[in-house]
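The values are calculated or read from the model by the stated rules, or taken from the named source; none is laboratory data. Not measured: the values here are computed from a predicted model. When we count neighbours, we look across all protein chains shown, and the Cβ atoms used for this are built from the backbone with ideal geometry, even at glycine.
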């Protein structure tokens, strides 16, 4: 369960993050975790516990205050918040964003002025300067993978929420990332559309993609995850195999949190 | 064929240079206001491009005596003296009265005409027969004129000032004013033939008209004085005044010339003929058609100034918006201050400042560029706000999604944000252009003859503010229409993309749900 840093794709040590405006929610205190290649990790916890901030720090949409992040061979470290971000650090942050794919919470993250296939091709064309035919070929393959080949030339405004999120996954995959991050990818969807999105993530898992998912879909977390991380108040409280965490949580905060889900059909023994 | 063309070109070139060559002593650049009014100077009713009037005749004779070519520079009457100081022209002549205030700013030649103020009332008015009777009444006169001063000194008079004299007599006739006090020549030409208006009371005060020259230009002043003495003594001035019906006992005394008239009042008669109330429809229509070339030229100028100003506004506005959104704090603050300043002060003041004020610090722009730049930077402030709103109309997720794909800030801006923001700002920017087209009328105050100035000239000349007004409004509408159409087209395109290529405008959901209470 505990991965050694050398054997891990992702290494995070003493990651700290707080905000200028003094907001309590989303603060991170000394997060350390290692994640192996091919793992599917679910991140759960009450709102404001720092799950989203953790993802945003990991792909450098937020710059960490202090700590160490390594994804593959891209490293980023900062001694303290007083250390001014230098050229080298910003460069590493940019490389990190290229290596890490991200899917956002709402389904409005697709670019509305581009068709679905143009959305998927844009990253490779602009960032990697991939030749157009090659980018298109990749995009078509990815559309097939997420089951959207018939919608390639539609504009995002005509897609359903589930279709949008699958297109967003394909768009992130087009950059051939080392890891995929999902920030509550299904929370804005109608219940009947959730399954199709989760299925894509399960398929990716079976292909060996490393994925970190912030989610409230407890059933999915329990069934599909290699392990689950429970966060509260900016700290990792507990992480364990899904079945173990749900049936026999060690920490009282975990128990308290999971109690909220007993009424929703989840079998939790507390 | 080619050789023929070239020789034609050379010929044309010589023809263009010829007038300059014929006058040995160069050009006599004189400033006046083509809207300054009859009988001083005004567009010819038969040919609106030609300026006529007794002062035009005087300048011609004066220039001929000096061996110079008269070159007319148009400027608003209010600004004639500032324009002289700014060096737009060498002399100013357009009913400029010799007053202590004026004499502080410029030097005056010896007078070329002397007259008085004439009080006018409606035909049926009984209780006003002298200046003193004006107390407690509403009296109209020309803005910043001697008459205004006289009325204000009288006290207890409700003085209404006008820029266009014809409007004053129109308001007198329709009852908005109780009386009108004007220089006698204006009174004669405005109302001398109007059956609804009568002149009352003795001559009031003394008005002296002279040519204005800058304090520095003493040499020219001497030459102008020589010229006026010559014109007076040779009887040429008397002839001009006779033709225009402006010879009076006061002038007889001034010039010590009590002889009977030698020429007919041809110019006055022609004027009066054209202004006796009610022309036939045919004549009226023919007159409107004859206005078209003048309006056409003016419309082109309006369009040119507007388009140039809009290009400046779009580019400079973008710079301002980028400074406000992306630049370091102090630059952003300066841009904000600039935007608020430009939006918070009147455009007219800004134009005056640029045209008349900046030469004091060595920046002299020609009227076209002063107008275009003035309008342009004023509108830039508004465009900047539209761009800013456009940028902030884009959701943060779009920015983050682009960055998360590994784009740099600039790539995200170029590929994701700006194309979307552009779609948002097209309709309001087009809208602003239509607004700018109308605001361009303010350039008429800095010597440009745009549509509004042309309207003032032609309406004043023909005493027809109604028909000419409809005509100019229609011209503004027509040149604005293509931009209205473009705005609609852009809006429709936007709606099409949102509906995935389905044709048709955005659905008006307010109307379709109207059946609900």
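A compact table of results
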read-out: Search result, residues across the stretch A:17-39 that are buried (at least 23 other Cβ atoms within 10 Å of the Cβ) and either touching a helix residue (DSSP H, G or I) at 6+ places or on another chain (Cβ under 8 Å) or farther than 23 Å from residue A:257 by Cβ (or both); value: A:28, A:31
read-out: Residue match in the stretch B:379-391 (condition: surrounded by 13 or more Cβ atoms within 10 Å (Cβ to Cβ), under 20 Å from residue B:320 (Cβ atoms), in contact (Cβ under 8 Å) with a residue 12 or more places away in the chain and within 14 Å of chain A (Cβ to nearest Cβ)); value: yes
read-out: Within the stretch B:71-159, strands (runs of 3 or more DSSP E) holding 2 or more residues that are within 30 Å of residue B:219 (Cβ to Cβ); value: B:106-108, B:113-122
read-out: Which listed residue, of A:142, A:122, A:173, is in contact (Cβ under 8 Å) with a residue 40 or more places away in the chain, farther than 22 Å from residue A:188 by Cα and out of contact with any strand residue (DSSP E or B) (no Cβ under 6 Å at 6 or more places or on another chain); value: A:122
read-out: Scope the stretch A:139-155; condition under 13 Å from residue A:118 (Cβ atoms) and more than 22 Å from the chain's Cα centre (by Cα); matching residues; value: A:140, A:151, A:152, A:153, A:154, A:155
read-out: Qualifying residue in the stretch B:265-280 (condition: within 23 Å of the chain's Cα centre (by Cα) and modelled with pLDDT under 90); value: no
read-out: Some residue of the stretch B:312-334 being under 25 Å from residue B:477 (Cα atoms) and either within 14 Å of another protein chain (Cβ to nearest Cβ) or surrounded by fewer than 16 Cβ atoms within 10 Å (Cβ to Cβ) (or both); value: no
read-out: Single match in B:262, B:236 (criterion: over 17 Å from residue B:58 (Cα atoms) and not assigned by TED's automatic domain parsing to the domain that holds residue B:464); value: B:262
read-out: The stretch A:159-168, subset assigned to a helix (DSSP H, G or I) and away from every other protein chain (no Cβ under 12 Å), residue surrounded by the most Cβ atoms within 10 Å (Cβ to Cβ); value: A:165
read-out: Any hit, the stretch B:294-304, residues being loosely packed, with under 14 Cβ neighbours inside 10 Å, modelled with pLDDT under 90 and touching a helix residue (DSSP H, G or I) at 6+ places or on another chain (Cβ under 9 Å); value: no
read-out: Complete set of residues in the stretch B:446-464 that are part of a helix (DSSP H, G or I) and at pLDDT 85 or above; value: B:451, B:452, B:453, B:454, B:455, B:456
read-out: Residues that are closer than 16 Å to residue A:261 by Cα and under 13 Å from the mean Cα position of the chain (by Cα), drawn from the stretch A:43-54; value: A:43, A:44
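Let's see how each residue does on (1) assigned to a strand (DSSP E or B); (2) farther than 22 Å from residue A:216 by Cα:
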position: A:13; (1), (2): yes, yes
position: A:20; (1), (2): no, yes
position: A:26; (1), (2): no, no
position: A:47; (1), (2): no, no
position: A:62; (1), (2): no, yes
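Results for (1) surrounded by fewer than 23 Cβ atoms within 10 Å (Cβ to Cβ); (2) in contact with a strand residue (DSSP E or B) (Cβ under 8 Å, 6 or more places away or on another chain); (3) modelled with pLDDT under 85, shown as yes or no for each residue.
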| residue | (1), (2), (3) |
| --- | --- |
| B:27 | yes, yes, no |
| B:32 | no, yes, no |
| B:38 | no, no, yes |
| B:45 | yes, no, yes |
| B:60 | yes, yes, no |
| B:67 | yes, no, no |
| B:82 | yes, no, no |
| B:99 | yes, no, yes |
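Rundown of residues vs (1) surrounded by 19 or more Cβ atoms within 10 Å (Cβ to Cβ); (2) in a helix (DSSP H, G or I); (3) not assigned by TED's automatic domain parsing to the domain that holds residue B:34, yes/no style:
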site: B:372; (1), (2), (3): yes, yes, yes
site: B:406; (1), (2), (3): yes, no, yes
site: B:410; (1), (2), (3): no, yes, yes
site: B:429; (1), (2), (3): yes, yes, yes
site: B:432; (1), (2), (3): yes, yes, yes
